[in-house]
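The values are calculated or read from the model by the stated rules, or taken from the named source; none is laboratory data. Being a predicted model, the structure only gives us computed values, none of them experimental. For neighbour counting, all protein chains shown are included, and Cβ atoms are generated from backbone atoms with ideal geometry for every residue, glycine included.
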Amino acid sequence: MRTKEKVTTPWLVAEVARRMGCYKKDARELLQHFADVIEENVQAGRKVQFTGLGVFYPAVSERGPGAGKNVRVKFRPAKSLIEKVQNGS
């Protein structure tokens, strides 16, 4: 079932802060560092695997002769995440 609701950054920050028992500013900083580490490593051409979530990785494709390369970031979800979503658990 699809829903039009989405998880926003402020909600995610508040939820992480609640679960960790910390201030929102600390949760926001943690999440920003998490995103930065993923970004820096994928930009450097490395895969970033996060157990239970999945793998972020760079995907390079040739555009054509003389057109250069097209680099995109892809995400492959973990099997456990796929199973949880499919089973609704």
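Within region 36-87, being surrounded by fewer than 11 Cβ atoms within 10 Å (Cβ to Cβ) and within 11 Å of the chain's Cα centre (by Cα) holds for one residue alone: ASP36. Restricting VAL16, VAL55, VAL37 to those that are farther than 29 Å from GLY88 by Cβ, of a type in the set (Val, Ile, Thr) and at pLDDT 95 or above reduces the list to VAL37. For region 1-33, residues that are farther than 28 Å from GLN86 by Cβ, in a helix (DSSP H, G or I) and either free of Cβ contacts under 8 Å to residues at least 12 places away in the same chain or small (Gly, Ala, Ser) (or both) total 10.
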